[in-house]
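Engineer: Please find one structure pasted underneath; my questions will follow.
The values are calculated or read from the model by the stated rules, or taken from the named source; none is laboratory data. Predicted, not measured: the structure shown is a model, and the values here were computed from it. When we count neighbours, we look across all protein chains shown, and the Cβ atoms used for this are built from the backbone with ideal geometry, even at glycine.
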Amino acid sequence: MSDGQAQIWRVGAIMNEPLREVLKFCAWYLALGAEEVVICFDNPEDPALTLLQDHPRLRCIACTPEFWAAVGSDAQERFVLRQNAALSWVYQQYDSGWLLNVDADEFLFLEGRSVAAFLAGVPEARHSARIVTAERILVAREDGNTYFRRPMAYELRKAVYGEDVALFGPRRAGLVGHPQGKSIIRCGVPGLRLRQHWPVWRGRRARRSWITTRARIFCI
């Protein structure tokens with residue numbers, strides 16, 4: 001067995017989306033080779049639950065009042081806090097492998113190798129790998145290509161946007177959405193909890209993260 005084959009990884013997300021978007025998300029990550037796709041359905045009566053619950057590589061969780069109580073939250077809490085609580089719980093269900101923490105509209109993209117092969121290259125001392133954002137942009141003339149932009153340093157932002165540079169930074173790093181990306185986290189680390197973009201360990205952002213600026217893997 002190669003190092004790439006030995007790297008088991010899963011995807012976790014909390015969703016309240018139309019069925020078409022749920023199916024697209026599941027299909028994407030199953031095709032990429034995820035061992036399991038774990039979805040916490042924010043609507044505990046989501047019709048996707050019945051449709052998907054028997055799939056062998058999907059784990060569907062209804063976010064009932066009992067579930068929220070079990071993870072230390074409730075349905076009235078702000079979504080980001082519920083998201084963190086739910087995904088931290090998902091993370092804690094696994095002693096080994098990796099968990100990718102993403103939103104319903106975020107898709108991992110890489111070329112030339114598998115996700116497992118990428119993970120085999122993450123240094124052993126690292127708790128996580130942060131995947132850089134690549135944000136889709138629309139162009140005036142369609143030419144059959146899809147264009148993306150990545151976070152930019154100030155001088156590059158200034159060259160691209162000119163007088164409008166202030167609209168795209170500094171926190172946005174030249175993007176409209178968040179530039180921080182998302183993390184794929186090594187399972188089995190005691191005391192580690194998940195946040196939207198990175199894990200927290202012992203009350204602070206996990207220092208042992210590896211930022212994939214040159215790895216040609218993106219969160220789109």
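Engineer: Is it the case, given these coordinates, that ARG207 is surrounded by fewer than 11 Cβ atoms within 10 Å (Cβ to Cβ) and either at pLDDT 80 or above or not hydrophobic (A, V, I, L, M, F, W, C) (or both)? Let's see the steps before the verdict.
Structural biologist: Details: surrounded by fewer than 11 Cβ atoms within 10 Å (Cβ to Cβ): yes; either at pLDDT 80 or above or not hydrophobic (A, V, I, L, M, F, W, C) (or both): yes.
The answer is yes for ARG207.
Engineer: Looking only at the range 148-164, filter to residues that are in a loop (DSSP other than H, G, I, E, B) and free of Cβ contacts under 8 Å to residues at least 60 places away in the same chain; which one of those is farthest from the chain's Cα centre (by Cα)?
Structural biologist: Taking the range 148-164 first, the residues in a loop (DSSP other than H, G, I, E, B) are 150-153.
Filter again for free of Cβ contacts under 8 Å to residues at least 60 places away in the same chain, leaving 151-153.
On the way: PRO151: 17, MET152: 21, ALA153: 23 Å.
For the range 148-164, the residue satisfying everything is ALA153.
Engineer: Still on this structure: Is the range 48-59 home to any residue that is buried (at least 16 other Cβ atoms within 10 Å of the Cβ) and among the β-branched types (Val, Ile, Thr)? Break it down into steps so the answer makes sense when it comes.
Structural biologist: So in the range 48-59, the residues buried (at least 16 other Cβ atoms within 10 Å of the Cβ) come out as 48-49, 52, 58-59.
Of the ones still in play, those that are also among the β-branched types (Val, Ile, Thr) are none.
No: zero hits.
Engineer: Quick check: anything in the range 48-65 in contact with a Ser or Thr (Cβ under 6 Å, 6 or more places away or on another chain) and not acidic (Asp, Glu)?
Structural biologist: no
Engineer: If THR64 meets every condition in (1) surrounded by fewer than 14 Cβ atoms within 10 Å (Cβ to Cβ); (2) of a type in the set (Ser, Thr, Tyr); (3) in contact with a helix residue (DSSP H, G or I) (Cβ under 7 Å, 6 or more places away or on another chain) apart from one, which number is that one?
Structural biologist: It is condition (3) that THR64 fails.
Engineer: Given the conditions (1) more than 23 Å from GLN83 (Cβ to Cβ); (2) part of a loop (DSSP other than H, G, I, E, B); (3) at pLDDT 80 or above, which single one is not true for PRO190?
Structural biologist: (1)
Engineer: Confirm whether SER73 is out of contact with any Gly (no Cβ under 6 Å at 6 or more places or on another chain), within 25 Å of ASN16 (Cβ to Cβ), in contact (Cβ under 8 Å) with a residue 40 or more places away in the chain and surrounded by fewer than 21 Cβ atoms within 10 Å (Cβ to Cβ).
Structural biologist: When the stated conditions are applied, SER73 does not pass them.
Engineer: On to the next question. Does the range 84-92 contain any residue that is surrounded by 19 or more Cβ atoms within 10 Å (Cβ to Cβ), in contact with a strand residue (DSSP E or B) (Cβ under 9 Å, 6 or more places away or on another chain) and of a type in the set (S, T, N, Q)?
Structural biologist: Checking the range 84-92: at least one residue is surrounded by 19 or more Cβ atoms within 10 Å (Cβ to Cβ), in contact with a strand residue (DSSP E or B) (Cβ under 9 Å, 6 or more places away or on another chain) and of a type in the set (S, T, N, Q).
Engineer: A follow-up question, please. Please find, among SER2, SER73, SER88, the residue that is over 18 Å from the mean Cα position of the chain (by Cα), modelled with pLDDT under 95 and closer than 30 Å to GLU124 by Cα.
Structural biologist: Result: SER2 is the single residue among SER2, SER73, SER88 that is over 18 Å from the mean Cα position of the chain (by Cα), modelled with pLDDT under 95 and closer than 30 Å to GLU124 by Cα.
Engineer: Now a separate question. Any idea which residue in the range 119-147 is surrounded by the most Cβ atoms within 10 Å (Cβ to Cβ), counting only those that are in a strand (DSSP E or B) and of a type in the set (S, T, N, Q)?
Structural biologist: The extreme case among them is SER128.
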